[in-house]
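The values are calculated or read from the model by the stated rules, or taken from the named source; none is laboratory data. This one's a predicted model, so the numbers in the text were calculated from it and none came from an experiment. Note that we place each Cβ from the backbone using ideal geometry, even for glycine, and neighbour counts take in every protein chain shown.
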């Protein structure tokens, strides 16, 4: 949420929206400008992605997949820390190790990919019993935007700007 809004002040139901404008620069580098537009504006955050030599990039920034895995890891950690306070679970130490594997297959001059596995190992120290810690993890899983996105079939719409307007691709 915005720096000015706490979870307790938020409406019981709302939508969270992030917008990103990416601009191609360099060989494979992308300059990414991200803002939260709903429910209250926050940002902008300037990020970058690049590819290594495999894709003809310079490796000047993390590749998009690294940003994706970092986002997933940070999301579950954030929810655990936020919900630990709300559920009165002590978190003395927290570390998360995430592994994401994709299948890659050549398809002529291009390639195709598919998700293979997502594994999140949670290493934490708490003075509370395991049942309270499990309750915390279950709550954090439900509150993690990225984990909930990955667990749901989504329709991603693509449009191409043409001289005649927008073309759905």
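Among the conditions (1) surrounded by 14 or more Cβ atoms within 10 Å (Cβ to Cβ); (2) free of Cβ contacts under 8 Å to residues at least 12 places away in the same chain; (3) assigned by TED's automatic domain parsing to the domain that holds residue 26, residue 54 misses just one, which is (1).
Residues of segment 39-58 that are closer than 18 Å to residue 18 by Cα and outside any strand (DSSP E or B): 39, 40, 41. Can you confirm whether segment 79-99 contains a residue that is without any contact (Cβ under 8 Å) to a residue 40 or more places away in the chain and under 24 Å from residue 28 (Cβ atoms)? No, segment 79-99 contains no residue that is without any contact (Cβ under 8 Å) to a residue 40 or more places away in the chain and under 24 Å from residue 28 (Cβ atoms). Among residues of segment 143-159 that are in contact (Cβ under 8 Å) with a residue 24 or more places away in the chain, those with a beta-carbon under 9 Å from a residue that is surrounded by 10 or more Cβ atoms within 10 Å (Cβ to Cβ) and assigned to a loop (DSSP other than H, G, I, E, B) at least six positions away or on a different chain give the pairs 145/16.
Let's see how each residue does on (1) assigned to a loop (DSSP other than H, G, I, E, B); (2) modelled with pLDDT of 95 or more; (3) in contact with a helix residue (DSSP H, G or I) (Cβ under 9 Å, 6 or more places away or on another chain); (4) surrounded by 10 or more Cβ atoms within 10 Å (Cβ to Cβ):
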{"site": "66", "(1), (2), (3), (4)": "no, yes, no, yes"}
{"site": "88", "(1), (2), (3), (4)": "yes, yes, yes, no"}
{"site": "96", "(1), (2), (3), (4)": "no, yes, yes, yes"}
{"site": "99", "(1), (2), (3), (4)": "no, yes, yes, yes"}
{"site": "103", "(1), (2), (3), (4)": "no, yes, no, yes"}
{"site": "119", "(1), (2), (3), (4)": "no, yes, no, no"}
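Reported count of residues in segment 105-117, each being outside any loop (DSSP other than H, G, I, E, B) and without any contact (Cβ under 8 Å) to a residue 12 or more places away in the chain, is 7. Scan segment 118-133 residue by residue and report those that are over 22 Å from the mean Cα position of the chain (by Cα) and under 24 Å from residue 71 (Cβ atoms). Result: 133, single match. Tell me yes or no: at least one residue of segment 136-151 is under 18 Å from residue 100 (Cβ atoms), modelled with pLDDT under 95 and in a loop (DSSP other than H, G, I, E, B). Yes, there is a match, as at least one residue in segment 136-151 is under 18 Å from residue 100 (Cβ atoms), modelled with pLDDT under 95 and in a loop (DSSP other than H, G, I, E, B).
For residue 72, state whether it is surrounded by 13 or more Cβ atoms within 10 Å (Cβ to Cβ) and either modelled with pLDDT of 95 or more or in the same structural domain as residue 16 (by TED's automatic domain parsing) (or both). It would help to see each step written out before you state the result.
On the way: surrounded by 13 or more Cβ atoms within 10 Å (Cβ to Cβ): yes; either modelled with pLDDT of 95 or more or in the same structural domain as residue 16 (by TED's automatic domain parsing) (or both): yes.
So residue 72 fits the description; yes.
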